[in-house]
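Only one structure is covered here, and it is reproduced in the block below.
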Amino acid sequence: MIDKNFIFPKGFIWGAATASYQIEGAWDEEGKGESIWDRFSHTPGKVYNGDTGDVACDHFHRWPEDLALMKEIGLHAYRFSIAWPRILPAGRGQVNQAGLDIYSRLVDGLLEADIEPYLTLYHWDLPQQLQDEGGWPARTVVDAFCDFADVLSRALGDRVKYWTTLNEPFVSAFVGYEEGRHAPGHTDLHEALGASHHLLLAHGQAVPVIRANVPGAKVGITLNFSPQAAASPSVADRDAANWADGHINRWFLDPLAGRGYPGDMVKGFGDEMEFVQPADLETISTPIDFLGVNYYTRNIARSKDVGEKENAPVTAHPNEEHTEMGWEVYPDGLYNILGRLHFEYGFPAIYITENGAAYKDQVGPDGRVDDPARLSYIKRHLEKVSQAIDIGVPVKGYFAWSLMDNFEWAFGYSKRFGLIYVDFETQKRILKSSAKWYGQVISANALD
Ligand code: IFM
């Protein structure tokens with residue numbers, strides 16, 4: 001029985017999300033070029049256990065089966081991303097028709113099943129050839145991205161109405177080019193800042209391209225958000241929280257909202273940022289139709305500059321509950337971030353494009369996968385979404401991350417986020433109990 005907290009406004013969209021490299025496999029089939037994640041995962045020592053996305057969930061071949069499972073859950077919408085090197089194996093130029101056909105068939109299948117496609121152009125699998133030309137830190141990537149957006153929106157724009165340019169540019173730029181934990185594995189702040197600027201510019205330049213090709217398109221971008229709590233009231237910890245907020249939340253949000261790069265961060269990075277050209281910020285702030293919000297956890301910020309002894313005692317304690325990623329379960333953070341986005345920034349519409357949790361799921365002796373912790377995680381976050389809607393935040397839909405267990409980047413297959421369990425040896429899929437519960441929530445919120 002679904003209680004009244006789970007009755008959402010009419011028209012609210014219920015979906016689940018995936019990303020190309022995490023599920024498709026078939027890394028070198030049907031004319032696909034190499035991506036930075038192919039190169040990275042094939043480099044020893046980069047991914048846990050030496051795992052790669054070569055096969056992943058074999059969704060490339062098994063998508064009809066996955067589509068049937070989406071139907072069984074009752075999803076209204078499916079958020080997926082396009083492998084850029086399947087479409088343009090060298091990043092630009094020659095189009096691989098076979099690559100376009102694959103996504104075209106998926107889109108037709110979704111529409112036949114009454115599932116709305118929400119397409120993300122870029123979820124981290126840059127063509128390796130573009131990386132060889134300098135990758136995101138090089139301005140030439142911007143035009144290449146716009147060509148990619150043009151080819152895709154011409155091919156699928158008659159059927160796909162919801163377009164997201166980028167997923168989590170923070171991760172592409174800083175985790176890929178500064179921390180080096182993701183492809184291409186560089187550790188250079190200047191590169192990361194250049195990458196972040198060119199990602200934003202590519203987004204801003206692609207928005208009108210998509211709109212020109214897709215009548216009635218809804219175009220947006222997805223950012224990852226994490227509220228920051230100072231570990232103590234000390235000045236140092238409060239500064240650390242403000243810095244982390246600037247880095248993770250404001251660095252992308254402010255330019256998109258037409259406020260330019262946050263001044264405190266520009267000063268703090270101490271970089272010349274010579275790559276910012278006149279008019280770039282105007283392009284970046286081209287109005288969007290929706291903002292995608294990915295939310296998993298909050299962060300407790302503790303200054304590194306002040307020794308534990310000098311610092312005030314930690315007061316913002318993480319609670320005891322953590323997911324398998326070691327991330328604190330903190331549903332209030334979603335409510336806080338939604339309120340902030342609405343009242344301080346005022347985007348016309350918001351979708352929760354990712355929210356979910358990794359746990360150690362196991363197949364029981366009866367062949368079922370019972371995942372009460374994930375169910376509870378999603379339930380408590382949905383309650384917060386509902387409360388945010390009650391105070392006026394225009395949240396239009398929710399996408400669980402993820403439709404199915406998949407390749408969790410540098411963690412390989414060691415973390416399971418899916419509503420659907422995947423046995424990576426046999427490729428057998430099993431709906432977890434959270435998927436069945438989610439299906440009940442969806443049917444209690446029928447579209448008509
Ligand atoms: O798996 C990722 C996804 O690709 C982007 N957002 C966070 C998820 C969990 O780490």
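The values are calculated or read from the model by the stated rules, or taken from the named source; none is laboratory data. Because the structure is predicted, anything quoted here is derived from the model rather than measured. Counting neighbours? That spans all protein chains shown, and the Cβs are built from the backbone with ideal geometry, glycine included.
Could you go through region 334-346 and let me know if any residue there is in a loop (DSSP other than H, G, I, E, B), over 30 Å from S35 (Cα atoms), more than 16 Å from the ligand (Cβ to nearest atom) and among the aromatic types (F, W, Y). Before you say what the answer is, go through the steps one by one.
Let us first name the residues in region 334-346 that are in a loop (DSSP other than H, G, I, E, B), namely 346.
Right, trim to over 30 Å from S35 (Cα atoms) and you get 346.
Remaining after also requiring more than 16 Å from the ligand (Cβ to nearest atom): 346.
Checking which are among the aromatic types (F, W, Y) leaves us with none.
No: zero hits.
Anything in region 376-406 that is among the β-branched types (V, I, T) and part of a helix (DSSP H, G or I)? List them, or say none. Break it down stepwise before answering.
Within region 376-406, the first condition is being among the β-branched types (V, I, T), and the residues that meet it are 378, 385, 389, 391, 393, 395.
Matches in region 376-406: I378, V385, I389.
Yes or no: L291 within 16 Å of the ligand (Cβ to nearest atom), of a type in the set (A, V, I, L, M) and surrounded by 15 or more Cβ atoms within 10 Å (Cβ to Cβ)? Spell out the reasoning first.
Values: within 16 Å of the ligand (Cβ to nearest atom): yes; of a type in the set (A, V, I, L, M): yes; surrounded by 15 or more Cβ atoms within 10 Å (Cβ to Cβ): yes.
Judged against the criteria, L291 is a match.
Among (1) under 26 Å from Y118 (Cβ atoms); (2) modelled with pLDDT under 95; (3) among the acidic types (D, E), which single condition is E354 missing?
(2)
Let's see how each residue does on (1) closer than 27 Å to I420 by Cβ; (2) without any contact (Cβ under 8 Å) to a residue 12 or more places away in the chain; (3) among the aromatic types (F, W, Y):
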residue	(1), (2), (3)
P318	no, no, no
H322	yes, yes, no
P331	yes, no, no
F347	no, no, yes
T353	yes, no, no
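Report, by residue number, each residue of region 332-342 that is in contact with a strand residue (DSSP E or B) (Cβ under 9 Å, 6 or more places away or on another chain) and over 16 Å from A231 (Cβ atoms).
Going residue by residue through region 332-342, those that are in contact with a strand residue (DSSP E or B) (Cβ under 9 Å, 6 or more places away or on another chain) are 333-334, 337-338, 340-342.
L334, I337, L338, R340, L341, H342, listed by residue number.
Could you please give the count of residues in region 160-194 that are within 12 Å of the ligand (Cβ to nearest atom) and of a type in the set (A, V, I, L, M)?
Looking only at that region, the number is 3.
In the list K360, K384, K379, which residue meets the criterion of being farther than 25 Å from W163 by Cα and exposed (fewer than 15 other Cβ atoms within 10 Å of the Cβ)?
Working: K384 fails: exposed (fewer than 15 other Cβ atoms within 10 Å of the Cβ); K379 fails: exposed (fewer than 15 other Cβ atoms within 10 Å of the Cβ).
Residue meeting the stated conditions: K360.
Check off (1) touching a strand residue (DSSP E or B) at 6+ places or on another chain (Cβ under 7 Å); (2) within 16 Å of the ligand (Cβ to nearest atom); (3) of a type in the set (G, A, S) for A316 and give me the number that stays unchecked.
(2) is the only condition that A316 fails.
List pairs: first residue in region 3-14 and in contact (Cβ under 8 Å) with a residue 40 or more places away in the chain, second residue among the polar types (S, T, N, Q) and in a helix (DSSP H, G or I) anywhere in the structure, Cβ distance under 9 angstrom, at least six positions apart or on different chains.
Every condition considered, the pairs that remain are N5/S386; N5/Q387; F6/S386; F6/Q440; I7/S386; F8/S386.
Restricting attention to region 378-432, report how many residues are under 20 Å from G367 (Cα atoms), among the charged types (D, E, K, R) and more than 16 Å from the ligand (Cβ to nearest atom).
Count: 5.
Residues in region 367-375: is at least one closer than 25 Å to I115 by Cβ and either in contact with a Gly (Cβ under 8 Å, 6 or more places away or on another chain) or in a helix (DSSP H, G or I) (or both)?
yes
Scan region 258-272 for residues that are of a type in the set (G, A, S) and assigned to a loop (DSSP other than H, G, I, E, B) and report the count. Steps first, answer last, please.
At the first step, the residues of region 258-272 found to be of a type in the set (G, A, S) are 258, 260, 263, 268, 270.
Subsequent filtering for residues that are assigned to a loop (DSSP other than H, G, I, E, B) retains 258, 260, 270.
Residues that pass the stated criteria total 3.
Please work out if R298 is modelled with pLDDT of 95 or more, within 16 Å of the ligand (Cβ to nearest atom) and within 24 Å of L253 (Cα to Cα). I'd like the intermediate steps shown before the answer.
Numbers: modelled with pLDDT of 95 or more: yes; within 16 Å of the ligand (Cβ to nearest atom): yes; within 24 Å of L253 (Cα to Cα): yes.
Judged against the criteria, R298 is a match.
With respect to A155, determine if the residue is away from the ligand (no atom under 16 Å from the Cβ) and under 19 Å from K218 (Cβ atoms). Steps first, please.
On the way: away from the ligand (no atom under 16 Å from the Cβ): yes; under 19 Å from K218 (Cβ atoms): yes.
Answer is yes for this residue.
Could you list, in sequence order, the residues of region 63-98 that are crowded, with 23+ Cβ neighbours inside 10 Å, closer than 21 Å to A144 by Cβ and basic (K, R)?
Across region 63-98, the qualifying residue is only R86.
Being under 25 Å from Y296 (Cα atoms), surrounded by fewer than 20 Cβ atoms within 10 Å (Cβ to Cβ) and in contact with a His (Cβ under 9 Å, 6 or more places away or on another chain) is the filter here; which residues of region 225-283 pass it?
Hit for region 225-283 is M265, nothing else.
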